[in-house]
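Q: Here it is, the structure in full.
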Amino acid sequence: MSRYAINSKKLPKAGPYSHAVAVKGLVYFSGQVGLDPKSGKLVGPDVTAQTKQTFKNIAAALKEAECDFDDVIKVNVFLSDMNDFQAMNAVMAEVFEEPYPARTTIGVAALPLNAKVEIEVICENGPLTP
């Protein structure tokens, strides 16, 4: 299979994974949480601040793959508290325009670093895609 890894120096390297992998016309991005890339710590205690930072981190990864939010076709959202859905959804409405990407939102018991939200995206037709 022809695939390659995409990593951004603007994001923290937290483990044995790539920030994104391009394959067959699609770019799959690893989940991001609301980490400040400079401090390596979560921003703010609330889901709104963490979701905004999460999308900033996603934007950095998208740029590295020569994509932008218009190229996103699928979003997976993981919330540690489903009561935070409306606040997360309000931030997402600021990021995306119609036609909106498909989305799945899943409630989970816990996230890395006790984050309130983790988001991953899939893009179509990234220019760097083999």
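Q: Residues of segment 43-60 being more than 16 Å from residue 96 (Cα to Cα) and open to solvent by 50 Å² or more (accessible area, probe 1.4 Å), which ones?
A: Matches in segment 43-60: 45, 46.
Q: Answer yes or no as to whether residue 63 is out of contact with any Asp or Glu (no Cβ under 9 Å at 6 or more places or on another chain) and either without any contact (Cβ under 8 Å) to a residue 60 or more places away in the chain or surrounded by fewer than 19 Cβ atoms within 10 Å (Cβ to Cβ) (or both).
A: yes
Q: Moving to a separate point now. I need the full set of residues from segment 103-130 which are modelled with pLDDT of 95 or more, of a type in the set (A, V, I, L, M) and either under 22 Å from residue 64 (Cβ atoms) or open to solvent by 50 Å² or more (accessible area, probe 1.4 Å) (or both), in order please.
A: Matches in segment 103-130: 106, 109, 110, 115, 117, 119, 121, 122.
Q: Can we say residue 36 is over 24 Å from residue 2 (Cα atoms) and modelled with pLDDT under 95?
A: Yes.
Q: Cβ-Cβ distance below 6 Å, separation of 6 or more or different chains: which pairs start in segment 76-92 with a residue that is closer than 21 Å to residue 59 by Cα and end on one that is surrounded by 13 or more Cβ atoms within 10 Å (Cβ to Cβ) and of a type in the set (Asp, Glu)?
A: From segment 76-92, the pairs are 76/120; 78/118.
Q: Among the residues of segment 11-34, is any free of Cβ contacts under 8 Å to residues at least 12 places away in the same chain and among the charged types (D, E, K, R)?
A: yes
The values are calculated or read from the model by the stated rules, or taken from the named source; none is laboratory data. Fair warning: this is a prediction, and the values are worked out from it, not measured in the lab. Heads up, the Cβs are rebuilt from the backbone with ideal geometry, glycines too, and the neighbour counts pull from every protein chain shown. Calculation scope for accessible area: heavy atoms of the full protein, side chains included, ligands and nucleic acids excluded. Shrake-Rupley method; radii C 1.70, N 1.55, O 1.52, S 1.80 Å.
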